[in-house]
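Notes follow once the structure below has been shown.
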Amino acid sequence: MLATLTTLIVIASIIIGITLSAVKYATDEKYKSVMSMVNEKLERVLATEELCARNVIGEVFYWLDSPEKMMESMENEIKLNNYTEGYFIAFEPYHFPQYGRWFEIYMNKIRDEHPRNISSANHDYLSKEWYAKGKESKTGFWTDPYFDDIGQNDNVCSFVMALYDKRDSIVGVFGSDLSLKWLAKELKIINAGSYHNGVFDNFYNKDYRFYTFIISRDGTFIAHPQWERVMKENVLSYIDQNDEHDMQVIADMKQGKAGNSSMVIDGLRANVYYTPLGSTNWSVAIVVPQRAFWFPALSLVGILLIITVIGMVVIYLFCRSNIRQVVSPLNALADSADEVAKGNFDAPLPDIRHKDEVCKLRDSFAAMQSSLEQYMRDLKEQTAKEAAFKYELNVAGGLQMSMIPNTFPERSDIDLYGYLKPAKSIGGDLYDYFIRDDKLFFCIGDVSGKGIPAALLMAATHYLFRITSGRENDPKRIVENMNDLLSEDNEALMFCTFFLGVLDLKTHLLKYCNAGHECPILITSEVNMIPVECNLALGLGEGFDYKSEEMQLSPGNVLLLYTDGLKEAANEELKPFEKQRIKDSLQQLVDNGQAKASEYVHHLVDDVATFVKDAPQSDDLTLMAIVIKK
């Protein structure tokens, strides 16, 4: 059931994703088409107006010598053109001497019955930008919208072009007026397409309708569904001017670029489609609130989700009914399993006669019962063996630790203390000492490997130290004899790093020999490593020529020996304790004043415990400290 439901959810998610993408693409293409249709419709009207103006100027051309005929021609032509609100002809100064410097014929379709002369000193069209630009334009141009207070007393825009005489000389400028109310009427028809009827009427409020507006190059509204904004407000007032993206979109519209983008306008997140309008300097835009943009897709997704949920419920009910029929024979088998779980491996199993998966399960359970009985018998035997081995291992560990001295001499000339903590029941580290003929013989060692083999080699090393040092005073010869004996028949190549020292208790002369072990530490007012010859570890080859060394100690000096379990003690992040941390820890104790041998040892042990925290001990930890008193 879970797999089926998961599959349904995955399939539904894929379908929903594809649906959203498809609907988004279709909606995007729809509004691009609407944008194209709006632009085509507006450009067609503007092109028609331009063509009509060219036709009228062609007829005016024949009556340039007769103002009366020109006026009559204008009066006839304006009645034939549906979109044109008015015509005007502005002549060069004194073109008609009888009319003076200014002479401009104007006629409005609604307000004027006949053309009239509107020129005067107060209406100096010769200084107007449209007049100068009209003379320079060879094909004509559309002016920016303006309020015509002389002619129509309304917001208009004009198509203006130069008027030539028969000698191709400019005699004036001809213009055709187009009311912005016409643009508002056209936009109202276009915007009516954004209203919807039917069951979703409640959803299609203003936040779900697209609308169209036109702006000039400076961003002023030329046409807008809210007429009070036209020629009075700028599109920049309705966007976030701190948003660089939205400001760039408006800049592209002003520059006559085409495109579409998402932006916040009029307080709503919307998709805006924009394009330049014909030969004008205007830009027309369609604003589609994203709620309207996504509403069809989300509606379809909602329907798909409902269908998916219904399908899931049907599958659940069907599977639940079938599973109940399949698992009902398992109840008796479950009761038997409970008895087996309690330890009754002889519990009777139900008799299942029909040969199906449940019958196979019963047979498998019977085989498991038999296997469990055999396993428990084997487990008891193995547990007994492991208990005996563990006991023997603990005894061996006890015997091993008994070899390590745990009592230390109380003398006036030296203070000695040792510490060993194995990582497991038995270990491979050792330390030892004894005093003979006013000489302190001491050693520390670390056997390679772990477990019983390491313990055996450790015991042998300890024994050889005692035997050899009992009759020999030279550290070099003691170590060489031990090495030769441990190297015999050492096919496993196990070895022991070893440091041996002989301290004359009267002269404080220390003779020592190192066999691959860690450098001891000499503590005076400072903490330093004693330089030693590395030499070969014990057990790796007979006849090795070991080098012994000596140094003079003084009262108050402390000699500290340790195995690598100290510097390699690691915390939970696997960072080792390291030699520098050892020296820093001892220096801290030295700075606090003279200390006993046991204090040096336990101070390091405590620092290691603090450093590693709960990390498991990975190696044996062994230390020995010798303090020279006098």
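A few points about this structure:
- Matching residues in the stretch 133-142 - criterion: being open to solvent by 50 Å² or more (accessible area, probe 1.4 Å) and assigned to a loop (DSSP other than H, G, I, E, B): LYS138, THR139
- Some residue of the stretch 248-258 being of a type outside the set (A, V, I, L, M, F, W, C), without any contact (Cβ under 8 Å) to a residue 40 or more places away in the chain, outside any strand (DSSP E or B) and buried (at least 16 other Cβ atoms within 10 Å of the Cβ): yes
- Test: ARG269 is modelled with pLDDT of 80 or more, open to solvent by less than 40 Å² (accessible area, probe 1.4 Å) and of a type in the set (Lys, Arg): no
- Hits in the stretch 114-132 (condition: open to solvent by 80 Å² or more (accessible area, probe 1.4 Å) and either in contact with a strand residue (DSSP E or B) (Cβ under 9 Å, 6 or more places away or on another chain) or under 20 Å from CYS52 (Cα atoms) (or both)): HIS114, LYS128
- Among the criteria (1) assigned to a helix (DSSP H, G or I); (2) touching a residue at least 40 places away in the same chain (Cβ under 8 Å); (3) crowded, with 18+ Cβ neighbours inside 10 Å, the one ILE478 does not fulfil is (2).
- Residue match in the stretch 5-21 (condition: among the hydroxyl-bearing types (Ser, Thr, Tyr) and open to solvent by less than 30 Å² (accessible area, probe 1.4 Å)): yes
- Some residue of the stretch 452-461 being over 54 Å from the mean Cα position of the chain (by Cα), small (Gly, Ala, Ser) and surrounded by fewer than 21 Cβ atoms within 10 Å (Cβ to Cβ): yes
- Inspection of the stretch 280-291 finds no residue satisfying the criterion of being open to solvent by 40 Å² or more (accessible area, probe 1.4 Å), at positive phi and not polar (S, T, N, Q).
- Residue match in the stretch 500-520 (condition: farther than 25 Å from PRO409 by Cα, assigned to a loop (DSSP other than H, G, I, E, B) and among the hydroxyl-bearing types (Ser, Thr, Tyr)): no
- TRP102 open to solvent by 50 Å² or more (accessible area, probe 1.4 Å) and not in a loop (DSSP other than H, G, I, E, B): no
- TYR87 fulfils the conditions (1) of a type in the set (Phe, Trp, Tyr); (2) farther than 30 Å from VAL284 by Cβ; (3) crowded, with 20+ Cβ neighbours inside 10 Å except for a single criterion, (2).
- Checking LYS32, LYS41 one by one, the residue that is surrounded by fewer than 18 Cβ atoms within 10 Å (Cβ to Cβ) and more than 36 Å from the chain's Cα centre (by Cα) is LYS41 and no other.
- Residue in the stretch 444-451 that is closer than 26 Å to PRO616 by Cα, part of a helix (DSSP H, G or I) and in contact (Cβ under 8 Å) with a residue 24 or more places away in the chain present: yes
- Residue that is within 15 Å of LEU277 (Cβ to Cβ) and among the aromatic types (Phe, Trp, Tyr), where the choices are PHE147, PHE159: PHE159
- Some residue of the stretch 561-569 being modelled with pLDDT under 95, over 13 Å from ASN514 (Cβ atoms) and touching a Pro at 6+ places or on another chain (Cβ under 6 Å): yes
- Among the residues making up the stretch 436-486, those that are over 19 Å from ILE404 (Cα atoms) and of a type in the set (Lys, Arg) are LYS439, ARG471, LYS476, ARG477.
- Whichever residue in the stretch 161-177 is of a type in the set (Ser, Thr, Tyr) and under 14 Å from SER137 (Cα atoms) and, among such residues, is surrounded by the fewest Cβ atoms within 10 Å (Cβ to Cβ): SER169
- In the stretch 384-393 there is no residue matching the filter, namely being over 30 Å from MET458 (Cα atoms), modelled with pLDDT under 65 and assigned to a helix (DSSP H, G or I).
Residues checked against (1) farther than 16 Å from PRO422 by Cβ; (2) free of Cβ contacts under 8 Å to residues at least 40 places away in the same chain; (3) among the hydroxyl-bearing types (Ser, Thr, Tyr):
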position	(1), (2), (3)
ASP564	no, no, no
GLU578	yes, yes, no
LYS583	yes, no, no
GLN594	yes, yes, no
VAL608	no, no, no
ASP619	no, no, no
LYS630	yes, no, no
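The values are calculated or read from the model by the stated rules, or taken from the named source; none is laboratory data. A quick note: this is a predicted structure, and the numbers were derived from the prediction, not measured. Cβ sites come from the backbone with ideal geometry, for glycine too, and all protein chains shown count toward neighbours. These accessible areas exclude ligands, DNA and RNA; they are computed on the full protein's heavy atoms, side chains included. Shrake-Rupley method; radii C 1.70, N 1.55, O 1.52, S 1.80 Å.
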